[in-house]
Structures are given as structure tokens and as C-alpha cells.
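Each reported figure results from applying straightforward, stated rules to the coordinates on display, with no laboratory input. Just so we're clear, the structure is a prediction, and the values are computed from it rather than from any experiment. Cβ sites come from the backbone with ideal geometry, for glycine too, and all protein chains shown count toward neighbours.
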Amino acid sequence: MDFTSLKIADLRPHVLALACPALESLGLPTEISLAPSPNPEMGDLGFPCFPFAKIARKAPNAIAEELASAMEPDGLVDAIVAVGPYVNFRFNPAAVATIVVQEALAEGFGSGGLPADQRHHWMIEYSAPNTNKPQHLGHVRNNVIGYATSLILDYAGHTVTRVNLINDRGIHICKSMLSYIQNGDGATPESTGIKGDHFVGNWYVRFEKDLAAEYAKWLETDAAQIAFSAWIDSRAGQQATAANEKGKGGAPRDVFNKDHRPVWFNTDSKLGGEARAMLRRWEDGDEETVSLWRTMNQWVFDGFDATSAPDTSPSGASRADDIGRTRSPAGAPSGAVPGRWPAVSHGSPDHGRR
């Protein structure tokens with residue numbers, strides 16, 4: 001059967017046309033509501049049979065089995081299966097791809113096609129990396145998704161503002177700074193031969209390691225036992241105990257140890273107290289603290305730049321330009337696409353609390 005004349009909008013009506021004869025043969029209403037299947041392994045679209053139980057005087061599961069058996073795949077729909085009380089339809093990927101690509105390649109597809117009253121102003125945020133750790137594949141993914149989405153919306157006629165906020169302020173940044181002060185002994189990326197973002201990220205890891213050791217020691221103290229005794233009698237403790245007795249949760253002590261750590265960090269932890277004090281100094285504009293913050297941020301920005309440096313080969317330079325590495329797409333604000341990190345606005349203690 002030739003489906004090349006179909007469009008994307010015809011997929012649901014096509015499924016409904018397959019379902020209607022089967023519904024009519026069982027004396028059931030043909031008004032059904034198709035929805036995406038919760039699990040792609042079940043299919044692409046489906047509908048529930050609960051509404052038919054009273055009419056057919058049968059269990060929804062049995063109705064779903066009968067309906068699925070009464071329908072035949074036709075090439076566009078690869079399979080029709082009953083999963084519990086649902087009838088699910090699975091499309092032929094190649095056939096759907098043909099329909100989608102054919103429509104997408106049609107002249108003018110999607111280009112400013114939205115009526116004026118349906119156009120909106122969208123803000124698309126990219127990877128928003130932290131300045132206390134290196135970038136990873138997830139940042140690349142989010143940059144690509146953000147860039148692609150912004151181009152699609154722009155092409156359709158929407159106004160798009162592209163944003164890539166650098167998360168360079170907060171308690172997580174102070175953790176790296178504090179660990180560097182306590183353990184760095186004046187080392188720099190240059191003196192250690194370590195890339196800047198990795199260098200700073202190592203101090204964040206060191207802080208968390210030292211914090212875990214401090215917490216482990218605290219858990220052996222009388223203060224920890226008092227806190228646990230209070231928690232075990234609380235609603236949270238009672239719920240954890242009940243769940244554990246039903247085999248649905250960990251031992252109450254393990255649950256407490258995990259859940260209490262943030263509370264301990266903000267109350268009893270020596271390192272936590274020092275990190276919070278540093279954050280307050282930063283917010284107050286303390287010159288020494290702000291200077292260290294700027295220095296460590298620049299180490300990270302240098303590392304980010306090295307990560308995103310364009311391939312200098314002719315083909316590499318062309319690819320970099322294509323994805324907005326060295327220029328912004330038309331209408332994009334300067335520094336709002338993945339590119340030179342210093343071009344993106346960073347936080348500043350001069351801007352006050354946010």
C-alpha cells in the first residue's frame with residue numbers, strides 16, 4: 001500500500017480508520033481517544049478499553065484482546081497488540097520516516113508559517129555549566145538540543161532569545177574555593193599541568209571527599225545518636241521503619257544517614273560552616289574572597305575554551321561555524337549560543353543577591 005501521499009497530521013486519523021471497523025464489529029462506540037503509549041516498547045499510540053466494559057459486559061483486558069485480534073496491520077501500522085486493558089499500535093519506522101522527511105523537504109515547510117496570533121517569544125536555555133567541574137557529554141547534548149530547538153522555533157516564526165547562563169556563584173562554588181585554600185598550597189593549572197576546569201573540579205571532589213570523612217566521624221558521636229533517636233520517633237522515621245518492614249526500603253539507620261546529611265551540613269558540619277561563611281563574605285563583596293572567585297572562574301573559563309576550541313582543519317572550521325561556534329545565527333544576541341565562554345554573562349557580586 002502506498003502511503004507517500006499521507007502527511008504527519010494524517011497518522012492519527014489513519015489509526016482511527018483501522019480501529020473503527022473492529023469497534024463496530026463488537027458493537028462498541030467508535031469515539032476513542034488515542035494517546036502516546038507510556039512505554040515505547042508497547043507501541044506508539046494506544047487507547048484504553050475501560051469505557052467499553054459496561055457495554056460489552058467483559059473485562060477491559062478481554063476487550064483489548066478481541067479488538068487487537070480483529071485488526072490487521074497494513075504496512076504503515078506494523079503491529080497491533082493488546083497490553084493489559086489497552087490496544088496499542090506500532091508504526092513502521094521506515095514508513096513514518098518517509099512521510100516525515102517528504103513533508104519536511106516540501107518547499108517552505110514550517111518557514112514562518114504560523115499565524116501572527118500563534119507566535120510567541122521563547123527563551124531557550126542551553127547547558128548552563130557550573131564553574132566547579134569540567135563539562136561532559138551532557139553539556140554537549142543540551143547545547144545541541146538548545147541550538148536545534150531555537151532554530152526550529154525561529155524558522156516557524158517565533159521570536160527566540162538564546163540563553164547560556166554560567167552557574168558561577170553559590171555554595172557549590174565556595175566548596176571548590178574553600179578546598180583550594182585549605183589544600184591547594186598555591187598550585188595553579190599551569191604549575192600542575194592540569195586543564196583549568198579539571199583543576200578546579202578536582203578541588204570540588206576533594207571537598208566532597210573531606211566532607212564525607214567528617215560526616216562519617218560525626219555519625220559515631222553521641223550527637224548523631226541523639227539526632228537519630230529524635231528522627232526515628234518522627235513521622236519520617238516511622239515511615240522509613242514501616243517501609244523497611246514491608247521490604248520496600250533500606251534500614252532506618254541507613255535512611256537517616258542519607259537524609260540527615262544536608263541538615264548536618266547546614267548545622268553541625270565544620271566544613272559546611274566554613275563554606276557558608278565564605279559565601280557570606282562573597283555576597284558582602286570581600287575583596288580577597290572575590291579575587292579568588294574571579295581567579296578560579298577564569299581557570300575554568302580557560303578550560304571551557306579549550307574544550308570548545310574549534311577544529312582548525314578546513315572541514316572542522318566549517319562544522320564549527322555551522323553550529324554557531326564562531327558566529328551567532330541571525331537575530332541571536334551576542335554570546336547567547338555555544339561559543340567563547342567569556343562572551344556569556346557571568347554572575348558578579350556587584351550585581352547583588354539573586
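Between Lys58 and Ser5, the contour length at 0.36 nm per residue exceeds the Cα-Cα span by 15.2 nm. Pairs of lysines in the chain whose Cα atoms sit within less than 27 Å of one another amount to 20, provided the residues are eight or more positions apart or on different chains.
When only Cα pairs below 8 angstrom with a gap of at least 6 residues are kept, the range 171-307 shows a relative contact order of 36 percent. When Rg and the Kirkwood Rh are both derived from Cα coordinates, the Rg/Rh ratio for the range 171-307 amounts to 1.11. With the convex hull of the Cα atoms taken as the outline of the range 8-96, the averaged projected area works out to 5.2 nm².
Extension gain for Gln238-Glu72 works out to 54.4 nm (0.36 nm per residue, less the C-alpha to C-alpha distance). Could you tell me the relative contact order of the chain? Use alpha-carbon pairs under 8 Å, at least six residues apart, and round to a whole percent. Relative contact order of the chain: 14 percent. The slack in the chain from Leu137 to Lys270, taken as 0.36 nm per residue of separation less the alpha-carbon distance, amounts to 44.5 nm. Exposure proxy ranking for Val205, Val87, Val163, Val101, based on other Cβ atoms within 10 angstrom of each Cβ and starting from the fewest, stands as Val101, Val205, Val163, Val87. Listed peptides 126-136, 64-74 appear in the order 126-136, 64-74 once ranked by packing, highest mean of other Cβ atoms within 10 Å at the front. The long axis of helix 196-218 is offset from the longest Cα principal axis of the chain by roughly 80 degrees.
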